[in-house]
1. So which lysines pass the test for A:Lys118, namely a Cα distance under 20 Å, with those fewer than 8 places away in the same chain ruled out?
2. Treat each spin label as a single point 7 Å out from the Cα along the C-beta direction, and report the A:Gln71 to B:Ala88 distance in nm.
3. Which lysines have a Cα lying under 29 Å from the Cα of A:Lys153, excluding residues fewer than 8 positions away in the same chain?
4. Quick one: grab the alpha carbon gyration tensor of the range A:54-271, order the square roots of its eigenvalues as a ≥ b ≥ c, and give me rounded if a/c is under 1.5, else prolate or oblate depending on whether a/b is larger than b/c.
5. Please work out the FRET efficiency for the pair B:Asp102 and A:Cys168, using the Cβ-Cβ distance as r and a Förster radius of 30 Å; give the result to the nearest 0.05.
6. The range B:13-91: which GluC sites (Glu not before Pro) are DSSP loop and have at most 15 other beta-carbon atoms within 10 angstrom?
7. Which aspartates and glutamates, on any chain, are close to A:Lys62 with Cα under 20 Å apart, when same-chain ones fewer than 8 places away are left out?
8. Could you pull the Cα extents of the range A:158-272 along its three principal axes, largest to smallest, in whole Å?
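Laboratory data are not the source of any read-out in this text; all were calculated from the coordinates shown. All values derive from a computational prediction rather than experimental measurement. With ideal geometry, Cβ positions are generated from the backbone for all residues, glycine too; neighbour counts draw on all protein chains shown.
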Amino acid sequence: MDSQRRKFLKMAGLTAVAGMGAPAINMLLKGEVRASETEASTAPALPTKSVKRLGMVVDVNKFGANPGLAQKCVEACHSIHNVPDFRNPDGSIDKKDEVKWIWAEKYEHTFPDASQYKRNVGLEELPVMTFCNHCDDPPCVRACPTQATFKAKDSGIVMMDYHRCIGCRFCMAACPYGARSFNWRDPRPFIKKLNPDFPTRMRGVVEKCTFCAERLAVGKIPACVEATGDTKAMVFGDLNDPNSEISKILASTFTIQRKPFLGTKPSVFYII
Amino acid sequence: MYDKGKIIPGLIIFLGLFTFPLWYNAGNAGNPPKPEKPAGYQKCVRPVEYMRTSHMVLLNQWRDEVIRGDEREMIMIDGKPYPKKLQAGCMGCHADKKKFCDRCHTYASVKPYCWDCHFPPKEKM
């Protein structure tokens, strides 16, 4: 009697294991298993998620050749969009409260994954303009619980709807580029000169660059690109259009993106 | 109960005084608000009855259409275009927030947070 029960239990166990394991073996044999949910970012000619994919090329050397140009871009953007300027009593930027849409960053901070060993000393002084990368696969949009930030289907711009933002700051944690700022305080008293044509933000919302969606709607180019003028230090256009100026520059010039290995597919490119 | 003669009339007087505002104003809605309509305009983007009750719904709908759908086309009323915007659209005609928005909002004791971010026309520089 006892030996029969042992046999029965063994058989039952084996059958259960085989039953549970079969689908996995089946899947492995079919080759459907992938290490990642999405395709590798290095694969060429991936279909993008929007009709247009607006992007930017930043020529870092031209900012080096035109001192003050970086500051001009920041001023142009921040004055148009009513971005507050938080300063400490000694005049330095208050890092805790700071709100920024576009800013000049050091090369080593912009491209921390690039080797810094024995690199060109001149890069040290170059201002690298950094702003929202308007990724094709934006992690901030995945993180947002209210869809306050979302990807515009027709332009590829990562947009913000401040009305829906609940200030959870998940998007700030998700963004690998530090492109988002939180309004810890009421920003209005800290705006140097109010632009009455553009709303401000309120306390408790996250804000960032929107590629000047409100200017694009009336046929203008982004304010920072306009500020660079004829220097061509920043070129703006549709990455999905092979005949656009930006596509031609990208096809003929060596450019790099910020942290491309993360798979966010940034739409901003840098000529170093 | 001790001091019944004092407690019960006392309670009645107290309740009467406490509810005085209720029965004094009963059947009287107070002075209804009279928002000042912009001069020289006959029609709004929707009928007046709709705007009176549901302008906030329309504003939300416009916001979603403009930023999520990129549907920024103007609204044509009698051949005149009106943008789907609070500042440049609504406040373009209703240029006085105090005499238009605030009159009803104060009466109904609603405090919309539009003006935390958007500018009322007076702040035009």
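1. Here the lysines satisfying the reach criterion relative to A:Lys118 are A:Lys106.
2. Label-label distance for A:Gln71 and B:Ala88, simple model: 3.2 nm.
3. A:Lys153 reaches A:Lys49, A:Lys52, A:Lys100, A:Lys208, A:Lys220, A:Lys232, A:Lys248, A:Lys259, A:Lys265, B:Lys84, B:Lys85.
4. Rounded.
5. The value I calculate is 0.40.
6. Taking the range B:13-91 and a limit of 15 other Cβ atoms within 10 Å, the loop GluC sites (Glu not before Pro) found are B:Glu36, B:Glu71, B:Glu73.
7. Straight-line reach from A:Lys62, under 20 Å: A:Glu75, A:Glu105, A:Glu108, A:Glu124, A:Glu125, A:Glu226, A:Asp230, A:Glu245.
8. Here the spans come out as 46, 33, 23 Å, largest first.
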